[in-house]
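These notes concern the structure reproduced below.
The values are calculated or read from the model by the stated rules, or taken from the named source; none is laboratory data. The structure displayed is predicted, hence computed values, not measured ones. Every residue, glycine among them, receives a Cβ derived from its backbone with ideal geometry; neighbour counts consider all protein chains shown.
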Amino acid sequence: MFRLLATFACLFALCGVASACLNDSELPGHEREFRSSYKREAPPAPSTDSQPSSNTPLVLYGTGGALLAGAGLMILRRPSTKA
Amino acid sequence: MSRGGRLIWTLLAAGVAFVPGCIGSAFLFRTNTGPITESVPLPHHVPKSPNAASFRFAMAHDVIHERYPKHGSVWYMERERLAREKLKSVPADSDEAFGLYDDIGTGLDRLGKPAEAIPLLRNKLELQQKRGLSGRDLYTTYANLGTFIVHTNMPKAIAGDSKGKDAVREGIDLLKKSVEVNPEAHFGREVWQIVLAEFLLAASDDPKLMTKFDFVGDRIDQPWGELRTSEHVARFKDRSKDSFGRASFFGLGYVDEREFQRQWNVIGGNEDRLPEVWDNVKGVRDAIMIVGAEEDWKDVPVRSHRSHAEFDDPMLAIIGMWRQGGGANPHFCLCIGEIMLRVGQRRIAWTAYERCKQLASRYWPKPEIQQALRDHCDSRQKEIEQTLPAEEVANLRPNFDDELAYGQRYQKEYQDFEAAKIAAGADMHDEHFFDEFQQRHKPIASPTGPEEWYVFQKPYYDSFPAMFNFMLSGGVLCAGVAAFLMSCWLYRLTKI
């Protein structure tokens, strides 16, 4: 009975340790395939939702500049008058 | 009024409006701008050596659920038949013959007959030495022969047989030689295989070790909550205790994640180009979470592994041994569970414990140790479940069962396919042998995702240029509005 139990015990243990580094002709190909299976994906985009659009300053510059130009035009259009 | 006078008044109005415009827009920018975040790969994306593979969490998930192609016994029997046939036509001490011995030996091991492979590999070693080969040329022989000897004799060693233990030591010595002649081979699998063999050998003298440590030295006799705060995390004394349970030490000031991000951008995020910036990025590995060799491990006679290791090191070895070795194994499942828990991957850890429980009968011959393993896995799973939403917890087990069944079904179909092709007389060495199978099946590897990235908040001063630009543009707008209004008013005032 003890021998039977010991045999079973050995079989269990054998299954438990059957794990290791086996080197055969397939290994290099497997490793290449393995690496290519886990190609990196693009990173999540930085959370810039609450940031002002990068175009906003351009719009402000443009509008402000146009108004300044308009002001200059107004000054030029009316000639000097004597008080 | 003269043009000059109007110009002066207009410029004055513009100048007066410019200042509050700047202040107002700066205020608007600060109140409307949230934290700016950036992301960078976790430090384990930098492998141990420039051209080695790096770890992904999806790899651990996939071995646990058998999501990878795996040959069946028909494949190995056919390969052995072809190899033996070929051996008849090539010189016994040729390089080609040496490769065939490896193929036959590994096939026998996979078929559960490692003892039959030992004489074959001993013969190969003798022939190689007669030919004057040495060093790296003997790598596969040392590694395979050591493995077969350990596999054959470990059961006897565990049962207490002294000859079995001596034989295992011989196998370990051969594995050590394989590491000496080729230290960077195959994700360092041999190193951790030696550790496993030494640990099992130590446990054969003191089985209590099986309920105290996993094979890399992670403590399994303490609840997770206790483990996180217990004194033994004092090994992080030069780092922060807060880092326990994270995959990296990024953000704690030890390694500059922003510098890593710059280097990553230099190579366009292409891992294949890492060697180009190797000297600048190799230090990033210092930021990888360390595991194993926890408190009291110093008393365990596992001489090949004395101090903690970056977690990706044993993980890659386990994955390599699982996929290219004997497959699912309770020692590996337990170790994956413990490591994943320590790096904050609770869901992967949960599945590893679940698989571990399924394989518990193969953990150790004594039923009480098997039961202790099941109890430990249950306890870890409960602790993990307490940290997850209730609806997710309810789905953990059904999801695990479904996914494992999916992986096993894939492997069965793969093996049925190759068996059918071999039976039909197809050449198993043809590179297009599996084309038809691959066309019919989607790739089995899980995609990687956000778990691989460290997201960090940029320092507030990084937004200064953008804020200055916004401030200036606001000032220009206000100046323009004020100048235009002033010029209109003066236009009307000035009569021709």
More than 9 Å from chain A (Cβ to nearest Cβ), surrounded by 14 or more Cβ atoms within 10 Å (Cβ to Cβ) and over 20 Å from residue B:60 (Cα atoms): does that describe residue B:419?
yes
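Per-residue answers, yes or no, for (1) under 18 Å from the mean Cα position of the chain (by Cα); (2) of a type in the set (A, V, I, L, M):
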{"residue": "B:173", "(1), (2)": "no, no"}
{"residue": "B:177", "(1), (2)": "no, no"}
{"residue": "B:190", "(1), (2)": "yes, no"}
{"residue": "B:196", "(1), (2)": "no, yes"}
{"residue": "B:200", "(1), (2)": "no, yes"}
{"residue": "B:205", "(1), (2)": "no, no"}
{"residue": "B:210", "(1), (2)": "no, yes"}
{"residue": "B:218", "(1), (2)": "yes, no"}
Do we have residue A:24 as part of a loop (DSSP other than H, G, I, E, B), at pLDDT 85 or above and facing chain B (nearest Cβ under 8 Å) here?
yes
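Just to be sure before I move on: is residue B:52 closer than 30 Å to residue B:272 by Cβ, aliphatic (A, V, I, L, M) and touching a residue at least 60 places away in the same chain (Cβ under 8 Å) in the structure I sent? Give the steps one after another, and end with the answer.
Values: closer than 30 Å to residue B:272 by Cβ: yes; aliphatic (A, V, I, L, M): yes; touching a residue at least 60 places away in the same chain (Cβ under 8 Å): yes.
Considered against the rule, which asks whether it is closer than 30 Å to residue B:272 by Cβ, aliphatic (A, V, I, L, M) and touching a residue at least 60 places away in the same chain (Cβ under 8 Å), residue B:52 comes out as yes.
Anything in the range B:1-38 that is farther than 30 Å from residue B:453 by Cβ and not in a helix (DSSP H, G or I)? List them, or say none. Quick ask: steps written out before the conclusion?
Step one: list which residues in the range B:1-38 are farther than 30 Å from residue B:453 by Cβ, which gives B:1-28.
Scanning the range B:1-38 gives B:1, B:2.
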Identify all residues within the range B:149-167 that are within 9 Å of another protein chain (Cβ to nearest Cβ) and not β-branched (Val, Ile, Thr); write none if there are none.
B:151, B:154, B:155, B:156, B:157, B:159
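Considering B:368, B:403, B:385, B:418, which residue is among the acidic types (Asp, Glu) and over 29 Å from residue B:227 (Cβ atoms)? First the steps, then the outcome.
Numbers: B:368 fails: over 29 Å from residue B:227 (Cβ atoms); B:403 fails: over 29 Å from residue B:227 (Cβ atoms); B:385 fails: over 29 Å from residue B:227 (Cβ atoms).
When all the criteria are applied, what remains is B:418.
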Whether any residue in the range B:12-22 is free of Cβ contacts under 8 Å to residues at least 60 places away in the same chain and at the interface with another protein chain (Cβ under 8 Å from one of its Cβ atoms) is what I want to check.
no
When you go through (1) surrounded by fewer than 24 Cβ atoms within 10 Å (Cβ to Cβ); (2) in contact (Cβ under 8 Å) with a residue 60 or more places away in the chain; (3) within 14 Å of chain A (Cβ to nearest Cβ); (4) assigned to a helix (DSSP H, G or I) one by one for residue B:272, which number turns out not to apply?
(2)
Among A:33, A:41, the single one that is at pLDDT 80 or above and charged (D, E, K, R) is A:33
Write out, first by first residue and then by second, each pair whose Cβ atoms fall under 6 Å of each other, whose residues are 6+ apart or on separate chains, and whose first residue, in the range B:340-369, is within 14 Å of chain A (Cβ to nearest Cβ) while the second is polar (S, T, N, Q).
B:360/B:370; B:361/B:370; B:363/B:370
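Considering the range B:106-144 alone, what residues qualify as being of a type in the set (A, V, I, L, M, F, W, C), touching a Leu at 6+ places or on another chain (Cβ under 6 Å) and either on the phi > 0 side of the Ramachandran plot or touching a residue at least 40 places away in the same chain (Cβ under 8 Å) (or both)? So that I can check it myself, show each step before the final result.
Our first condition is that a residue be of a type in the set (A, V, I, L, M, F, W, C); within the range B:106-144, this holds for B:108, B:111, B:115, B:117-118, B:120-121, B:125, B:127, B:133, B:138, B:143.
In the following step, the residues that additionally are touching a Leu at 6+ places or on another chain (Cβ under 6 Å) were identified as B:117, B:121.
None - no residue of the range B:106-144 is of a type in the set (A, V, I, L, M, F, W, C), touching a Leu at 6+ places or on another chain (Cβ under 6 Å) and either on the phi > 0 side of the Ramachandran plot or touching a residue at least 40 places away in the same chain (Cβ under 8 Å) (or both), so the list stays empty.
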The range B:443-466, subset touching a residue at least 12 places away in the same chain (Cβ under 8 Å) and among the aromatic types (Phe, Trp, Tyr), residue nearest to the other protein chains (Cβ to nearest Cβ):
B:453
Note down all Cβ pairs under 7 Å where the first residue falls in the range B:417-430 and is touching a residue at least 24 places away in the same chain (Cβ under 8 Å) and of a type outside the set (S, T, N, Q), the second is surrounded by 10 or more Cβ atoms within 10 Å (Cβ to Cβ) and not in a helix (DSSP H, G or I), and they're at least six residues apart or on different chains.
B:418/B:71; B:418/B:72; B:419/B:72; B:422/B:428
Subset of the range B:235-269 (residues that are modelled with pLDDT under 70, surrounded by 15 or more Cβ atoms within 10 Å (Cβ to Cβ) and not small (Gly, Ala, Ser))
B:235, B:236, B:239, B:244
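I need a count of the residues in the range B:39-96 that are assigned to a loop (DSSP other than H, G, I, E, B) and within 29 Å of residue B:435 (Cα to Cα).
Narrowing the range B:39-96 to residues assigned to a loop (DSSP other than H, G, I, E, B): B:42, B:46-56, B:65-72, B:88-94.
With within 29 Å of residue B:435 (Cα to Cα) added as a condition, the list becomes B:51-56, B:65-72.
Number satisfying all stated conditions: 14.
Which residues, counting only those in the range B:413-427, are in contact with a helix residue (DSSP H, G or I) (Cβ under 6 Å, 6 or more places away or on another chain) and closer than 19 Å to residue B:68 by Cα? Explain how you work it out, then say what you get.
Step one: list which residues in the range B:413-427 are in contact with a helix residue (DSSP H, G or I) (Cβ under 6 Å, 6 or more places away or on another chain), which gives B:417-419, B:422.
Scanning the range B:413-427 gives B:417, B:418, B:419.
Any idea which of B:146, B:112, B:107 is of a type in the set (Gly, Ala, Ser) and surrounded by fewer than 16 Cβ atoms within 10 Å (Cβ to Cβ)?
Details: B:146 fails: surrounded by fewer than 16 Cβ atoms within 10 Å (Cβ to Cβ); B:107 fails: surrounded by fewer than 16 Cβ atoms within 10 Å (Cβ to Cβ).
Matching residue, one of B:146, B:112, B:107: B:112.
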When the range B:160-177 is checked residue by residue, the ones that are in contact with a Ser or Thr (Cβ under 8 Å, 6 or more places away or on another chain) and over 17 Å from residue B:195 (Cα atoms) are B:160
